[in-house]
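In what follows, a single structure is set out as structure tokens and then discussed.
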Amino acid sequence: MRRTAIKGLALVAAVGLSLAACSSSKSHPSDKTSSSGKVRTLVVEDKPVASFTDDFNPFDGNSFLSQENARSLFYEPLYQFNTLNSAQAPMPWLASNYTWSNANKTLTFTLKPGVKWSDGQAFTSDDVAFTFTMLKNFKAANTDGTPIPDSVSTPDPNTVVLNYSSPQAANFEGIANQIIVPKHKWSAITNPDKAVVTGADSVGTGPYLLDKFTPQNITLKANPGFRDGAPAVKKISFPAYADNNAATLALANGDIDLTGNDINDVLNTFVAKSKDNHLFQTTAPYFPASNTVALLMNEKSPSAPALADVAVRKAISAAMDRTSMATQCETNYELPATSSGGLTLPIDQKSLAPAQTNDLKPGPDPDAVSSALTADGYAKNAAGKWAKNGATIKFTIIDPNSFTDYWCDAEALVKQLNGVGFDVKDNGAFDYNSWNSAVTTGSYDATLHWGQGTTPFQRLQFVLDSTLASPAGQTSAGDYGHYQSSAADAAVAAYEGATSPADQAAALNTLQGVVSSDVPAVPVLYGAAWYEFSTANFTGWPTSDNPFINPSPRSQDYEYLILKLTPKP
């Protein structure tokens, strides 16, 4: 769910490319002018992408739907969730009710009646059963790490029963948020994680259909058969921008209605440009924290064996100047991580373990670096690099340089680490697709990456749960660092099997302790829910005064948000 930036600092070298992308992607004012009888088009920009491919496969992390967080505009989940308010009840979507039984190992969904696929066929429990069975048979397609049932039954067209071997109530959000695809279309697809599904061939229950495709702009049109009636927003445009700077310029010029970017000096660069330009919240840091940005380290990387050493990982954490990165690269919109346990603050404050409260220093701690590495048998060589058995602590941090804040963070981190004796390089020669593929298939050493999950447990599970990882070369749903720990797996199982809030809290404390002691990922910053919008053409946006949904780019949230918008007359 990365925003653009995705999160803007560095100028791209290919200025001509940026300007070309900007000029070719502009929306036409007439498209937005309803006073002349024409339909207003909602323009959405999510992340820097030089061009699109006609691939609407929701199980492919590099497809248009995944890149632009547009999956639920076509394919929908059983329930929606407001991740900014954990106390808010799940919102029925394709399902109208659910019940747990058999000690929370059996989950029964009652589906909404009368829902149809966009080709007119009925949506039934067979489609839900097929989707979960497909994910079981094709693990690489399960890019969200959805818990897969051992068996599925369909007592009637509106009822589906998922049977698990262990309690799964703790994972309800991950299960119910799974998007559902039509059996009558997808049963003929042999490789659901790799298949190219064109926009014209996409059949979903969602509120939109493909209107027009070009590599530089994809437009969607309202689905006239949508169960709640055609949405008020009749058209959506997704323009392609080569980098953050091109997108920021277009946003400032009023060419974009909704985006999820980190904009340098956002008050002057964006808000001050028009009375219609707004942020989710009006006070610093202006964007609510929604995840923990971490340095993910691939413990199975053949080119960086030192990363498998916990003492090295602890030393890397101690060498970081988090305050400097927050200030210089994130304009203090993302604040330095203060807890080594991996939770996101302040939204996870109630779940924060006492032992991991304020235990991360905001600045570097060279003495701690030296202490950790010396005790582990390292010593500085003649070149001033920490080495053991003749090998330095050598690795490469990869992040697309189009993610201008992350690239700034990566460059700053390289300087910080090398300044205290590490042997580190960075590589920004990636677009989103190639970087995402490298990270999810384990073909990397280290990367700065936003956190996954929408609950405290899911955030920790993302970096700890070894069952989410696939062998090198295959796509993983989580545990991108290929961390393996029996203690971590046992704590994950303990949380999933907890039968009381006290048991859940104890398991969460254990999980935070594992993140702190083993450092499978290094917490760096509290990632922002990037979100800017313009009220020039549409009303009904979520704000800090009315946070009806998390505004940051995420497929399910974007569908919920867009369905709440109303075009101005």
### Message
Could you work out [θ]222 nm for the chain from helices alone, using -39500 (n - 2.57) per DSSP H run of at least four and dividing by all its residues? Round to the nearest 500 deg cm²/dmol.
### Response
-7500 deg cm²/dmol
### Message
Between GLN121 and ALA391, what is 0.36 nm times their sequence separation minus the Cα-Cα distance? Round to one decimal in nm.
### Response
91.0 nm
### Task
Please label the shape of the chain as rounded, prolate or oblate, based on the square roots a ≥ b ≥ c of the eigenvalues of the alpha-carbon gyration tensor (a/c under 1.5 means rounded; beyond that, a/b larger than b/c means prolate, else oblate).
oblate
### Summary
Simple SL model, points at 7 angstrom along Cα→Cβ for LYS221 and ALA272; separation in nm is 4.3 nm
## Note on the structure
With every protein chain kept in place and a 1.4 Å probe, the chain has an accessible area per residue in Å² of 36 Å²
### Task
Can you spot the lysines whose alpha carbon is less than 22 Å from LYS234's alpha carbon? Ignore those fewer than 8 places along the same chain.
LYS26, LYS32, LYS38, LYS116, LYS212, LYS221, LYS564, LYS568
### Task
At a Cα cut-off below 18 Å, give the aspartates and glutamates reachable from LYS350, other chains included and same-chain residues fewer than 8 away excluded.
ASP359, ASP503
### Message
To check you understand DSSP bridge types, tell me what percent of the beta bridges within the chain (both residues inside) are antiparallel, rounded to 5.
### Response
80 percent
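Find how much the distance from SER166 to ALA502 grows on full extension, using 0.36 nm per residue of separation minus their present alpha carbon separation; answer in nm with one decimal.
Result: 119.0 nm gained on full extension.
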### For the range 232-255 and the range 290-314, distance of Cα centres in Å
35 Å
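For SER96 and ASN332, what is the calculated FRET efficiency with R₀ set at 41 Å and r taken between the beta-carbons, to the nearest 0.05?
0.40
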### Query
Which of the lysines could a cross-linker bridge to LYS112, judged by Cα under 18 Å and excluding same-chain residues fewer than eight apart?
LYS183
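The values are calculated or read from the model by the stated rules, or taken from the named source; none is laboratory data. All figures in this text were calculated on a predicted structure; none of them were measured in a lab. As a convention, Cβ positions derive from the backbone with ideal geometry for all residues, glycine included, and neighbour counts pool all protein chains shown. The area values use the complete protein model at the heavy-atom level, side chains included, leaving out ligands, DNA and RNA. Shrake-Rupley method; radii C 1.70, N 1.55, O 1.52, S 1.80 Å.
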